[in-house]
1. Assuming R0 = 30 Å, what is the FRET efficiency of residue 20 and residue 120, from their Cβ-Cβ distance, to the nearest 0.05?
2. What Kirkwood radius, in Å to one decimal, follows from the Cα pairs of segment 61-128?
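Quick note: the coordinates plus some simple rules give every number you see, no bench work behind them. The structure presented is a predicted model; accordingly, all values stated were derived computationally and were not measured. Methodologically, a virtual Cβ is constructed for each residue, glycine included, from the backbone with ideal geometry; neighbour enumeration extends over all protein chains shown.
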């Protein structure tokens, strides 16, 4: 946008949200430290080796992979801290209005969305 002069350099620099950049930097730093220490690999190997030994390997049924994908999607819907995108959106909303969502308000909607997702995913996995 700066290249095509839609937004000036000053306006672009003013619109940078340092809180979000700090949050992402901190999150990436913690994950990098956990990865370097081997903690993430240990947890992943422990979980996956149990599943692979139970037939969740290359010959796994498509439903097992769909359940895994569904669970990872549902994880971000329940609470603000469930996904980084939730934190970024709440932070952006709070910069535009005085208060956005509290944790409890988000949780009320998150429970409904998560419940609907569980039903839809259950139907997809069961009947497809």
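1. 0.50
2. 13.1 Å is the Kirkwood radius here.
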